[in-house]
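Colleague: Please read through the structure below; I'll follow up with questions.
The values are calculated or read from the model by the stated rules, or taken from the named source; none is laboratory data. Fair warning: this is a prediction, and the values are worked out from it, not measured in the lab. Using ideal geometry, Cβ is built from the backbone for each residue, glycine included, and neighbour counts are taken over all protein chains shown. Ligands, DNA and RNA are excluded from the accessible area calculation, which covers all protein heavy atoms including side chains. Shrake-Rupley method; radii C 1.70, N 1.55, O 1.52, S 1.80 Å.
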Amino acid sequence: MAILVIAEHDNTALKGATLNTITAAQQIGGDIHLLVAGFNCQPAADAAAKVAGVSKVLQVDNAAYEHQLAENLAKLVLELGRDYSHILAPATTTGKNFMPRVAALLDVAQISDITAVEAADSFQRPIYAGNAIATVKSLDAIKVITVRGTAFEAAEQNGSADISSVDAAEDLAISQFISEEMAKSDRPELTAAKVIISGGRGMGNGENFAMLEQVADKLGAAVGASRAAVDAGFVPNDMQVGQTGKIVAPELYIAVGISGAIQHLAGMKDSKVIVAINKDEEAPIFSVADYGLVADLFDVMPELQQKL
Amino acid sequence: MKILVAVKRVIDYNAKVRVKTDNTDVDLSNTKMAINPFCEIAVEEAVRLKEAGTASEIIAVSVGPKACQEQIRAALALGADRGIQIETEDSPESLNVAKLLAKIVEAEQPELIIMGKQAIDSDNNQTGQMLAALSGMPQATFASEVSIEDGKAQVTREVDGGLQTVAINLPAVVTTDLRLNEPRYAALPNIMKAKRKPLDVKTPADLGVELKQHTQLLKVTEPAERSAGILVSSVDELIEKLKNEAKVI
Ligand SMILES: Cc1cc2nc3c(=O)[nH]c(=O)nc-3n(C[C@H](O)[C@@H](O)[C@H](O)COP(=O)(O)OP(=O)(O)OC[C@H]3O[C@@H](n4cnc5c(N)ncnc54)[C@H](O)[C@@H]3O)c2cc1C
Ligand SMILES: Cc1cc2nc3c(=O)[nH]c(=O)nc-3n(C[C@H](O)[C@H](O)[C@H](O)COP(=O)(O)OP(=O)(O)OC[C@H]3O[C@@H](n4cnc5c(N)ncnc54)[C@H](O)[C@@H]3O)c2cc1C
């Protein structure tokens, strides 16, 4: 049994979720190969070779894979993946984009967003915004799986796998990358942060998020948001935590001016410690909070920033 | 340009699901059902493209038991022109749904297919991508902006790091994210009119698709409950607890 894991990277470094996906692969058990498909991606391939548990890195270096376009990447994975028992990728927006194409082309199901490995063919996955956990058994010969990063530890990076370069490129030329607008921040990435402080509609406007940023800087935290705060234009979309945004599970999650709708809870209720700051003591967020403070956030945030 | 939209009947986003006591599934009896919110956004986008003169006809398709005709009618009330129900016992697995939709695509030859990025019940986020692959089409998932020009769609996508813009050749599949648009409410006269719009019913056999089982649901359980926490009375107490009790700062 051999497992093919598709690395997520930006050609220079691996994305953290790749390390969690390797751990899921180790729990399934078998020889693990890590595919790095990109352009000028030698640094990413070198990083991949250091991931513990990986026996071989497959590197495909071609302009067709520079931006991980789903059409080209799925075709490549289809060609390389036929002889594996499992094909795994992180359940990030990149993995969610190309993996279902791989599954469809192989005529197999995709098991999406798994949170536990029960056996080599059975997996747990949350459904209904995490209000139920399904245990699903795959009946297919090749199991195509996306992995929820927060549910698995990150693999160590003290390995030394061989890198073999594969020549298999094809540009289908039906889709084209035009541009991207990536958020730049010195703070940790949301899905990897140990502490997250998130703001909701109660923040009132985008400028007030500066109060969260000041506290975040003291705690080395990332800043997140509810959908209402994103929809209102306070902050950009990549900050949305929830069922349809990012799934996070930090050591500490501080929800400020967030009511706690089930769609928001779905994205953060596996955090180790949850703090809720809300002026409405009836807000549902208090039902999942370890520590609740019923107060006006405009009083609390400056005080917190000063006292930390 | 003809547009196909796929609409799924799901639990209303406000309703809370219960897990059956025998752990075989969730209990949806007497639960309020609705059109999947992302599918509603898909219909709205199609209607806006028609209002702008870009689209000429909108077909709404749903796969499932007869009850999903309600969601097709809801799409017709929002402005779709005709509906197709593909009659199945339950909501089949995503790959089967994609195969059925691929046959409709083959027959109807739409230039654009708009679907939700994910259904809020099974949260799979895969059917649109599967359909695109089966139909040999490009895709733009998680769309927050779509414009159609010269046989191509230019789509801005919500990705983990921010926003990405791609251009895809038509025909293509686009899946919607939350901020693509804000769906309108159907006006009463349009709800009445929708009742008279054509709605075809087809079976998988009519389409020549054999539904295969790829996954087996072994059990459905409740998620781990969080134990109740405490209320603190001041910022000082909060900091003290986080430092000394939870030891997270
Ligand atoms: C507990 C449980 C666990 C399951 N686990 C899996 C699993 O791991 N893998 C798997 O392949 N299947 C699984 N299934 C089956 C799967 O959820 C199907 O029931 C589902 O209909 C397929 O669509 P989706 O919800 O996954 O669609 P998504 O891919 O999340 O939906 C995207 C879009 O596809 C379109 N669409 C989806 N279904 C329909 C439809 N019936 N009619 C019209 N348009 C539609 C809509 O536009 C929708 O917005 C599971 C089912 C249950 C009950
Ligand atoms: C299909 C679908 C998908 C969704 N996906 C997501 C998702 O991924 N993530 C997500 O977050 N939501 C999601 N939602 C939206 C969700 O249902 C809620 O609408 C949203 O989470 C509410 O955001 P909020 O808590 O910031 O706003 P509100 O519910 O308006 O809550 C604001 C809170 O701030 C408090 N407040 C106001 N002023 C102050 C003050 N001065 N001091 C202290 N507290 C104050 C109020 O008491 C209130 O509790 C989704 C909805 C749908 C339909």
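Colleague: Find all pairs meeting these conditions: Cβ atoms under 8 angstrom apart; at least six residues apart or on different chains; first residue within region A:201-215 and hydrophobic (A, V, I, L, M, F, W, C); second residue assigned to a loop (DSSP other than H, G, I, E, B).
Modeller: A:Met203/A:Phe234; A:Met203/A:Gly257; A:Phe209/A:Phe234; A:Phe209/A:Val235; A:Val215/A:Ala221; A:Val215/A:Leu308
Colleague: Does B:Leu199 satisfy the criteria of being closer than 30 Å to A:Thr92 by Cα and either more than 8 Å from chain A (Cβ to nearest Cβ) or open to solvent by less than 70 Å² (accessible area, probe 1.4 Å) (or both)?
Modeller: No.
Colleague: Looking at A:Gly260, A:Gly242, A:Gly233, which one is within 16 Å of ligand 1 (Cβ to nearest atom) and either open to solvent by less than 40 Å² (accessible area, probe 1.4 Å) or out of contact with any Ser or Thr (no Cβ under 9 Å at 6 or more places or on another chain) (or both)?
Modeller: On the way: A:Gly260 fails: within 16 Å of ligand 1 (Cβ to nearest atom); A:Gly233 fails: within 16 Å of ligand 1 (Cβ to nearest atom).
Exactly one residue qualifies, and that residue is A:Gly242.
Colleague: Right, next: Out of region A:124-158, which residues are acidic (Asp, Glu) and either touching a residue at least 40 places away in the same chain (Cβ under 8 Å) or not in a loop (DSSP other than H, G, I, E, B) (or both)?
Modeller: A:Glu153, A:Glu156
Colleague: Going through region A:159-181 one residue at a time, which ones are free of Cβ contacts under 8 Å to residues at least 12 places away in the same chain and open to solvent by less than 80 Å² (accessible area, probe 1.4 Å)?
Modeller: Across region A:159-181, the qualifying residues are A:Ala173, A:Ile178, A:Ser179.
So that you can scan it fast, the table gives a plain yes or no per residue for (1) within 16 Å of ligand 2 (Cβ to nearest atom); (2) surrounded by 19 or more Cβ atoms within 10 Å (Cβ to Cβ); (3) of a type in the set (Gly, Ala, Ser):
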site: B:Ile35; (1), (2), (3): yes, yes, no
site: B:Ile41; (1), (2), (3): yes, yes, no
site: B:Leu49; (1), (2), (3): no, yes, no
site: B:Ala52; (1), (2), (3): no, no, yes
site: B:Ala55; (1), (2), (3): no, yes, yes
site: B:Gln71; (1), (2), (3): yes, yes, no
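Colleague: Now, a different point. Look through A:Ser185, A:Ser198 and report the one residue that is among the hydroxyl-bearing types (Ser, Thr, Tyr) and under 29 Å from A:Ile127 (Cβ atoms). Don't jump to the end; show me each part of the working.
Modeller: Numbers: A:Ser185 fails: under 29 Å from A:Ile127 (Cβ atoms).
Answer to the check: A:Ser198.
Colleague: Still on this structure, please answer the following. One residue is enough: does region A:109-116 have a residue meeting the conditions assigned to a helix (DSSP H, G or I) and more than 9 Å from every other protein chain (Cβ to nearest Cβ)?
Modeller: The answer is no; no qualifying residue exists.
Colleague: Then there is this: State yes or no: is A:Arg148 modelled with pLDDT of 95 or more, under 30 Å from B:Tyr13 (Cβ atoms), surrounded by 19 or more Cβ atoms within 10 Å (Cβ to Cβ) and within 11 Å of ligand 1 (Cβ to nearest atom)?
Modeller: No: the conditions fail for A:Arg148.
Colleague: Just the residues that are away from ligand 1 (no atom under 11 Å from the Cβ) and either crowded, with 23+ Cβ neighbours inside 10 Å or not acidic (Asp, Glu) (or both), please, taken from region B:84-106.
Modeller: B:Lys99, B:Ala102, B:Lys103, B:Val105
Colleague: Select from region A:34-76 the residues that are aromatic (Phe, Trp, Tyr) and either assigned to a loop (DSSP other than H, G, I, E, B) or open to solvent by 30 Å² or more (accessible area, probe 1.4 Å) (or both) and list them in ascending order. Give the derivation first.
Modeller: Initial filter on region A:34-76 (aromatic (Phe, Trp, Tyr)): A:39, A:65.
Correct list: A:Phe39 only.
Colleague: Among the residues of region B:221-248, write down those that are farther than 30 Å from A:Val136 by Cα and of a type in the set (Val, Ile, Thr).
Modeller: B:Ile230, B:Val232, B:Val235, B:Ile239, B:Val248
Colleague: Continuing with this model, one more query. Is it the case that some residue within region B:207-215 is facing chain A (nearest Cβ under 8 Å), within 16 Å of ligand 2 (Cβ to nearest atom), in contact (Cβ under 8 Å) with a residue 40 or more places away in the chain and closer than 28 Å to B:Asp90 by Cα?
Modeller: Within region B:207-215, not a single residue is facing chain A (nearest Cβ under 8 Å), within 16 Å of ligand 2 (Cβ to nearest atom), in contact (Cβ under 8 Å) with a residue 40 or more places away in the chain and closer than 28 Å to B:Asp90 by Cα.
Colleague: Do we have B:Gln139 as within 7 Å of chain A (Cβ to nearest Cβ), crowded, with 24+ Cβ neighbours inside 10 Å and closer than 25 Å to A:Ala132 by Cα here?
Modeller: No, not satisfied.
Colleague: What is the residue count in region A:230-239 for residues that are touching a residue at least 24 places away in the same chain (Cβ under 8 Å) and either more than 8 Å from chain B (Cβ to nearest Cβ) or charged (D, E, K, R) (or both)?
Modeller: Summing the residues that are touching a residue at least 24 places away in the same chain (Cβ under 8 Å) and either more than 8 Å from chain B (Cβ to nearest Cβ) or charged (D, E, K, R) (or both) in region A:230-239 gives 6.
Colleague: Scan region A:284-305 and report the pairs whose first residue is within 16 Å of ligand 1 (Cβ to nearest atom) and whose second residue is not acidic (Asp, Glu), with Cβ atoms within less than 8 Å and a gap of 6+ or a chain change.
Modeller: That search, which allows pairs on different chains as well, returns nothing.
Colleague: Further question: Run down B:Lys117, B:Lys152 and say which single residue is touching an Asp or Glu at 6+ places or on another chain (Cβ under 8 Å) and either of a type in the set (D, E, K, R) or surrounded by fewer than 24 Cβ atoms within 10 Å (Cβ to Cβ) (or both).
Modeller: Matching residue, one of B:Lys117, B:Lys152: B:Lys117.
Colleague: Tell me, please, whether a residue that is in a helix (DSSP H, G or I) and near ligand 1 (Cβ under 10 Å from one of its atoms) can be found in region B:14-34.
Modeller: No: region B:14-34 contains no residue that is in a helix (DSSP H, G or I) and near ligand 1 (Cβ under 10 Å from one of its atoms).
Colleague: If you don't mind, another one. Would you call B:Ile41 within 14 Å of ligand 1 (Cβ to nearest atom) and part of a strand (DSSP E or B)?
Modeller: Considered against the rule, which asks whether it is within 14 Å of ligand 1 (Cβ to nearest atom) and part of a strand (DSSP E or B), B:Ile41 comes out as no.
Colleague: Please enumerate the residues belonging to region B:107-120 that are more than 6 Å from ligand 1 (Cβ to nearest atom) and either in contact with a Phe, Trp or Tyr (Cβ under 9 Å, 6 or more places away or on another chain) or closer than 24 Å to A:Thr135 by Cα (or both).
Modeller: Kept after step one, since they are more than 6 Å from ligand 1 (Cβ to nearest atom), are these residues of region B:107-120: B:107-114, B:117, B:120.
Result: B:Lys117, B:Ile120.
Colleague: For region B:189-244, enumerate the residues that are part of a strand (DSSP E or B) and more than 30 Å from A:Arg125 (Cβ to Cβ).
Modeller: B:Leu199, B:Asp200, B:Val201, B:Lys202, B:Ile230, B:Leu231, B:Val232
Colleague: List pairs: first in region A:188-200 and within 13 Å of A:Ala154 (Cβ to Cβ), second charged (D, E, K, R), Cβ under 6 Å, 6+ apart or cross-chain?
Modeller: A:Thr191/A:Lys246; A:Lys194/A:Glu251
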